[in-house]
Amino acid sequence: MWLNYRNSNSMDAKKREEGDKVRLIGWIASKRVHREKIFINLRDRYGYIQLVARGDMLPTNKYELVKKTNIESAIAVEGVIKRDERAPGGVEIHLTDFIVISPASEWPITLSALKSPGFLFDVRHLSLRGPKSRAIMIIRAELLRAFIEYFLINDYVWIQAPTFITSAVEGGATLFPVKYFDKMAYLTQSAQFYEEAAICAFEKVFVVQPSFRSEKSRTRKHLTEFWHVEAEVAFATHEDIMKVEEELLYYATSKLIERVPNEIKYVRGDLFKPPEPPFEKIKYDEALSILHNKGIDIEWGQDFGAEAEREISKQFEKPFFITHYPVTARSFYHMNDPNRPEVTLSSDLFAPEGYGELTSGGQRIHRYEDLYEKILEFGLNPDEYKWYLELRKYGMPPHSGFGLGVERTLRWLLHLSHIREAILFPRTPTRLYP
Ligand code: 4AD
Ligand code: MG
């Protein structure tokens, strides 16, 4: 009924002629009384538009209803288009009818409530209606669309991997156990192993799905549940997969500038420049010496800590790769560099400006014996990787892949102070509600 009632919306109305009669539905985002007029900021799917309730155009009972209706009530309105330079978007709608579809209680998000840190996330089910979180989520939706588009245009097959799994991809320390009838299962950390199985059927695959990490670290860049965009390509080398990462990031960021420039400007204050490939590539060893010059010493073979990651990332203005990580700093499945076996054919793509790691990837071990040996070398149990190993007995070609964190990418692109702003209902060690 209400969908039929509507013959315009906040975007369409801005293109209408003076005097046009329009009907809209939406929510009262804000309301203020100015002399004999009540100004309403109406929110719908497309954005915001200003409504004006005037005593001389509405019946008295309707004017009184506007006055007493709380913000965030769902409403239907009818009115006349009035072009006015002073109105946001150059148009206001002078109301001739006002209907409350569903009234709201007094809105709990007040300026004084905002002072407690985290409050907005305690009431995320309500606060997600705010203009900033709304803009961020619209950009997020477009970012995911662009990622998916890139892969589909380039002939990848979109696959789905299970969430219940039995063995770790990225180390046992961050596995979330779940009771699975009379057995123990875990929540997936990465779809990588399933993608590796799938490439022998489809050559090029990708996934877009949540990954889970039981990381106690309470940082600005860790979630316990994050969205993972992963791709795996048969016959591809480490170099080939870095090229895919560069192209993917350039494609997606270019589409964002094209499709949601106003939202980006609203969140960041300006537009970013899509990073054109190729990106700079530095080896792990070079990264260590850059860090050494900044007074941060990392023992060769160790992974970067949070501070080192931030510092190295600050040295760049465009995304860059750190390549050839030591065997000891990477998971077992990475292929050792045949020219220098103490390092792997692996890389992380880093965001500049201190935001740090966006992706991890590289070439995988595709020979059975090599993988078996490395599993033992890492002190792992080959029985736990039975099917993953078995793949290597049936025509597994050389192959490479990577995983990208959606929220990390958004945090960098939009300069968000905390990763929780990049997801609708964040999950962190201390947040499981709402
Ligand atoms: O570096 P990670 O752990 O690599 C993998 O999982 C590989 N198996 C991916 C692959 O090759 N298919 O995770 C990949 C990316 C990270 O670079 C980061 O952007 C994101 O996932 N990520 C997280 N994002 C938010 N919160 C966390 N706790 C994250 N852990 C990883
Ligand atoms: Mg990583």
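Counted over the stretch 1-99 with a bin width of 10 Å, the fraction of Cα pairs per bin, in whole percents, is 17, 57, 25, 1. Computed with every protein chain present, the accessible area of Asp155 is close to 120 Å² [probe 1.4 Å].
The mean sequence separation of alpha-carbon pairs under 8 Å and at least six residues apart, normalised by the residue count of the chain, gives a relative contact order of 13 percent. Once you've got the Cα coordinates, tell me which of Lys265/Lys294; Lys294/Lys318; Lys21/Lys265 are over 24 Å apart. Lys265/Lys294; Lys21/Lys265, as the Cα separations exceed 24 Å there. When the chain is treated as a GNM with alpha-carbon contacts under 10 Å, the residue of Thr323, Thr359, Thr174 showing the greatest mean-square fluctuation is Thr174.
Of the listed residues Thr344, Thr110, Thr328, the order by accessible area with a 1.4 Å probe, largest first, is Thr328, Thr110, Thr344. Working note: Debye formula, equal point scatterers on the alpha-carbon atoms of the stretch 355-434, no solvent; log10 I(q)/I(0) at q = 0.11, 0.21, 0.22 Å⁻¹ is -0.53, -0.89, -0.93. Dipole magnitude for the stretch 198-253: about 500 debye, using +1 per Lys or Arg Cβ and -1 per Asp or Glu Cβ, origin at the Cα centre. Per residue, the average separation of C-alpha pairs within less than 8 Å and at least 6 apart gives the stretch 282-434 a relative contact order of 17 percent. The residues of the stretch 336-429 have, on average, 40 Å² of accessible surface per residue, using a 1.4 Å probe with all protein chains present. Dividing the mean sequence gap of close Cα pairs (under 8 Å, 6+ apart) by how many residues the stretch 1-107 holds gives a relative contact order of 28 percent. What separates the Cα centres of the stretch 6-23 and the stretch 392-434 is a distance of 40 Å. Here the convex hull built on the C-alpha positions of the stretch 304-379 has a volume of 87 cubic angstrom per residue. Summary of the geometry: the stretch 76-90 and the stretch 252-304, compared by the centres of their Cα atoms, lie 43 Å apart. For the stretch 182-278, the share of accessible area belonging to carbon and sulfur comes to 51 percent (1.4 Å probe, ligands and nucleic acids excluded). Ignoring aspartates and glutamates fewer than eight residues from Lys204 along the same chain, the ones with Cα atoms less than 12 angstrom from its Cα are Asp155, Glu195, Glu196, Glu230, Glu232.
Between the alpha-carbon centres of the stretch 183-201 and the stretch 323-344 there is a gap of 22 Å. Heavy-atom accessible area, probed at 1.4 angstrom with all protein chains present, ranks Ile159, Ile375 as Ile159, Ile375, highest first.
Cross-linked pairs Lys31/Lys62; Lys14/Lys273; Lys216/Lys255: Cα-Cα separations exceed 27 Å for Lys14/Lys273; Lys216/Lys255. The mean of 1/r over all distinct Cα pairs in the chain, once inverted, gives the Kirkwood hydrodynamic radius of 24.6 Å. Of the whole protein surface, Glu263 contributes about 50 Å² of accessible area at a 1.4 Å probe radius.
Between the residues Ile81, Ile153, Phe316, the greatest Cα displacement towards the positive end of the dipole of the chain, with unit charges on the Cβ of Lys, Arg, Asp and Glu, is found for Ile81.
Expressed per residue, the C-alpha convex hull volume of the stretch 34-153 stands at 167 Å³.
For the stretch 277-434, the Kirkwood hydrodynamic radius comes to 17.4 Å, computed from all pairs of different C-alpha atoms. Taking all protein chains as shown and a probe of 1.4 angstrom, Trp107 keeps an accessible surface of around 50 Å². Charges were assigned to the Cβ only: +1 to each Lys and Arg, -1 to each Asp and Glu. The resulting dipole of the chain about its Cα centre is roughly 2440 debye. For the residues Phe202, Phe176, Phe121, a 1.4 Å probe over the protein chains yields an accessible-area ranking, largest first, of Phe202, Phe176, Phe121. Counting Lys and Arg as +1 and Asp and Glu as -1 over every other residue whose Cβ lies under 11 Å from the Cβ of Glu232, the net charge comes to -2.
Can you give the Rg/Rh ratio of the stretch 178-228, where Rg is from the C-alpha atoms and Rh is the Kirkwood radius? Reported Rg/Rh (Cα atoms, Kirkwood Rh): 1.08.
The values are calculated or read from the model by the stated rules, or taken from the named source; none is laboratory data. Only a predicted model underlies this, so the values are computations on that prediction, with no experimental measurement involved. Note: ideal-geometry Cβ built from the backbone for every residue, glycine included; neighbour counts use all protein chains shown. Ligands, DNA and RNA are stripped out before the accessible areas are found, and what is left, the full protein with its side chains, is counted by its heavy atoms. Shrake-Rupley method; radii C 1.70, N 1.55, O 1.52, S 1.80 Å.
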